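Asker: Pasting in a structure now, in C-alpha cells, and then I'll have a few things to ask.
The values are calculated or read from the model by the stated rules, or taken from the named source; none is laboratory data. For clarity, every value in this text was computed on a predicted model and none was experimentally measured. Backbone-built Cβ (ideal geometry, glycine too); neighbour counts: all protein chains shown. For accessibility, only protein heavy atoms count, side chains too; no ligands or nucleic acids. Shrake-Rupley method; radii C 1.70, N 1.55, O 1.52, S 1.80 Å.
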Amino acid sequence: MTLNPADAAFHTRLLRDLPEAVFRPVEDRYLEEPRGRYAGKSALLALPRDAQEVSTLIRHAADAQVGVVPYGGGTGLVGGQIASDGPAPLILSLERMNKVRDIYADENVLVVEAGVILADVQAAADGVDRLFPLSLAAQGSARIGGNLATNAGGTGVLRYGNARDLCLGLEAVLPDGQIWNGLTRLRKNNTGYDLRHLLIGAEGTLGVITAAALKLFPKPARTGTALLVVQDPRAALDLLSLAKSQLGEMVSAFELIHRQGIDFLSEVLPDVRIPFGTPPEWCVLIEVGVSGDIDPAASLETLFASAHEAGLVPDGLIAQNAQQGTDFWQIREMLPEANRRIGSVSSHDISVPLSAIPDFIMQGREMLSEMGDFRINCFGHVGDGNLHYNVFPTPGKSRSDYENLRPAIKRAVHDLVHKMGGAISAEHGIGRVKVDDLEHYGDPAKLSAMRAIKAALDPKGIMNPGAVLRGA
C-alpha cells in the first residue's frame with residue numbers, strides 16, 4: 001500500500017476537526033535518536049490531549065493513507081521513533097497526555113495516561129506507599145506508553161517481570177481510529193483474545209496506547225545493596241543460584257559489571273564514585289528488598305560468607321547506608337552514558353539462556369579478537385539472561401574508523417546468540433534498526449503470523465511504517 005505525505009493539504013483537512021493548538025512546528029528532537037545514527041524526515045507534528053483527539057488523527061490518517069509515527073520520550077535505541085524513509089509522516093506525540101487518572105492503593109493499581117514520564121509513575125506509586133518496579137536508565141524522560149509499546153525491561157525484571165507483566169489493562173486507538181476501552185483492573189479476565197498483550201511490544205505498529213492500568217506492589221520495608229567481586233561469569237551464575245536459594249524472592253536485582261565499564265566511567269565520568277582501589281575483572285551488583293523485621297545487610301553478609309566459603313566471592317562491599325547503596329547503583333546506571341560518550345562500533349541488546357552466558361562471553365571475545373582490536377563492555381541483567389554486549393574502538397580511535405567492520409561485527413555476535421538459542425533483541429525491541437535481523441533469525445511461522453496480524457488490523461499500513469516488519 002502506497003502512503004502519502006503529511007503535507008499542507010492533509011494538515012488543512014485535520015484542522016476541520018481539530019484545533020490549531022494540537023499542532024506544533026517540528027523540533028529537531030523529534031527527528032533524532034540517542035545514538036545519532038538515524039535522522040527522521042521533516043513531518044507534521046501533533047500533540048493530542050486525549051484519546052478522542054488521537055482517534056480523530058488516526059481516522060484522518062487512515063482515510064488519507066498517511067503514515068503515523070507514535071512518539072513517547074524519544075529514548076528508544078532501535079529507531080522505532082524515527083521514520084527516515086518514505087513520505088513525511090504524522091508524528092503523534094503523547095507528551096500532553098500526562099495525567100494520573102486514578103490510584104487504587106487497596107487494589108495495587110495505578111491508572112495513567114501514556115505520556116506520563118516513568119519517574120512520575122514511580123513517584124505517584126510512592127505517594128501512596130506503593131512501588132511501581134519498572135526501572136531503567138532513561139526513566140527521567142521515557143514515557144510509560146513507550147515503555148509498554150516496547151515491552152521495556154530494566155533492572156527489576158528478575159523479581160517483577162517486564163513491562164507486559166506490570167500491566168492489567170489498556171486504552172488504545174486502533175489503526176482505523178476506533179478507541180478500545182480496555183482499562184480493566186481485573187487480574188483474571190479470560191473474555192476472548194487478549195489485545196493488551198498484542199499491543200504491548202508491538203512498537204506502535206498495531207495501534208497507539210493512550211492509557212494503562214498498572215500493577216503496584218507493596219514497598220519493601222528495607223533494601224540492601226552489595227557489590228560482590230566474582231572471578232568470572234560462571235561464578236556469577238553460581239552466586240545467583242546461591243542467592244536465590246538463600247534469599248528467594250527477596251532478590252530484586254542481579255547485575256553483572258565488567259572492568260571495562262568501570263574503566264569507561266573513570267575515563268569519561270570521573271565524578272562517579274568507584275569504591276575499588278583496583279577495579280575487579282568482574283563484579284555483581286545485587287539488591288534485596290525485605291519485609292518484616294529482616295535485616296537486609298545481615299542477609300547479604302550471610303550470603304557473602306556462604307559465597308566466600310564456596311570460593312565464589314573473594315571480596316566485596318555491602319552498603320552500610322542509603323548513600324552507599326545509591327553510589328553502588330550509580331556505577332551501574334551510568335554505564336550507558338559512559339558508553340555513549342566513548343562511542344560504540346556496534347551495540348547489542350541480547351539474551352541467551354542463563355547457563356550459556358559464560359560460553360557466550362568467552363566465545364564472543366575470541367571471535368572478535370580475530371576480527372580486530374576492540375574493547376568490549378559486557379554488562380547487564382544477568383539474572384534474567386539479558387546482556388548489553390557493546391564493542392568499542394581502541395584508545396585513540398573513534399567508531400568511524402571501524403564503520404566498515406560494523407555489519408560484520410553485528411552479524412557475528414548475532415550468529416553466536418542465535419546458535420546458543422538466544423534472542424537478538426532482549427528489551428529494546430526491533431524498531432527499524434533490527435528489521436533485517438528479525439527477518440534473518442526469526443522463525444518463519446512466527447513472521448508469517450505477525451504479517452497476517454498486521455494486515456488484518458492495519459490493512460493500509462499507516463501505523464509506524466517500516467518498524468518491526470519491512471514494508472508494513
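Asker: Out of (i) 161; (ii) 151; (iii) 130, which label holds the value of volume of the Cα convex hull per residue in Å³ that was computed here?
Answerer: Label (ii) holds the value from this structure.
Asker: Also, I was wondering about something else. Between Arg13 and Arg37, what length comes free when the chain is fully extended (0.36 nm per residue of separation minus the Cα-Cα distance, one decimal in nm)?
Answerer: Details: separation 24, 0.36 × 24 = 8.64 nm, distance 3.38 nm.
Value of the extension gain: 5.3 nm.
Asker: Students often check this: by mean Cβ neighbours within 10 Å, which of 286-297, 96-107 ranks highest, and how do the rest follow? Mind showing how you got there, number by number?
Answerer: On the way: 286-297: 18.2, 96-107: 14.8.
Highest-to-lowest ranking by the protection proxy: 286-297, 96-107.
Asker: Additional query: Counting only heavy atoms of protein chains, what accessible area per residue, in Å², does region 28-78 have with a probe of 1.4 Å? Walk me through the numbers before you get to the answer.
Answerer: Values: 1880 Å² over 51 residues.
For region 28-78, the per-residue accessible area is 37 Å².
Asker: Given labels modelled 7 Å from the Cα in the Cβ direction, how far is it in nm from Val100 to Asp85?
Answerer: Taking the two extended label points, one gets 4.3 nm.
Asker: Going down the list Lys99/Lys410; Lys219/Lys454; Lys215/Lys410; Lys244/Lys410; Lys215/Lys454, which pairs span over 32 Å between their C-alpha atoms?
Answerer: Details: Lys99/Lys410 40 Å; Lys219/Lys454 39 Å; Lys215/Lys410 36 Å; Lys244/Lys410 34 Å; Lys215/Lys454 28 Å.
In this structure, Lys99/Lys410; Lys219/Lys454; Lys215/Lys410; Lys244/Lys410 lie more than 32 Å apart at Cα.
Asker: How do the peptides 456-467, 417-428 rank, highest first, by the average count of neighbouring beta carbon atoms within 10 Å per residue? Intermediate results must be reported in sequence, preceding the final value.
Answerer: On the way: 456-467: 21.8, 417-428: 18.9.
The most tightly packed comes first, giving 456-467, 417-428.
Asker: Counting only heavy atoms of the protein chains, get the accessible area per residue of region 162-203 (1.4 Å probe) and round it to a whole Å² value. Could the numbers behind the result be given before it?
Answerer: Values: 2290 Å² over 42 residues.
In whole numbers, region 162-203 has 55 Å² accessible per residue.
Asker: What is the packing order of peptides 385-391, 303-309, taking the mean over residues of other C-beta atoms within 10 Å and listing the highest first?
Answerer: Working: 385-391: 23.7, 303-309: 16.9.
Going by the mean number of other Cβ atoms within 10 Å, highest first, we get 385-391, 303-309.
Asker: Could you work out how far the C-alpha centroid of region 332-353 sits from that of region 240-303, in angstrom?
Answerer: One Cα centre to the other: 19 Å.
Asker: In region 326-388, which GluC sites (Glu not before Pro) are in a loop and have at most 10 other Cβ atoms within 10 Å, using DSSP for the loop call?
Answerer: Details: sites: Glu333, Glu337, Glu366, Glu370; in loops: Glu370.
Of the GluC sites (Glu not before Pro), the ones in loops of region 326-388 whose Cβ has at most 10 other Cβ atoms within 10 Å are Glu370.
Asker: With each pseudo-label sitting 7 Å past Cα toward Cβ, what's the Asp315-Arg273 distance in nm, one decimal?
Answerer: 1.8
Asker: While we're looking at this one, here's another question. If you filter region 20-53 for GluC sites (Glu not before Pro), then keep DSSP loop positions with at most 16 other Cβ within 10 Å, what is left?
Answerer: Details: sites: Glu20, Glu27, Glu32, Glu53; in loops: Glu27.
Passing sites in region 20-53 are Glu27.
Asker: Given a 1.4 Å probe, how much area per residue of region 357-415 is accessible, in Å²?
Answerer: 42
Asker: Could you look at the chain and say what percent of its accessible area is carbon and sulfur, using a 1.4 Å probe and all protein chains?
Answerer: On the way: 9870 of 19900 Å².
For the chain, the apolar C and S fraction of the accessible surface comes to 50 percent.
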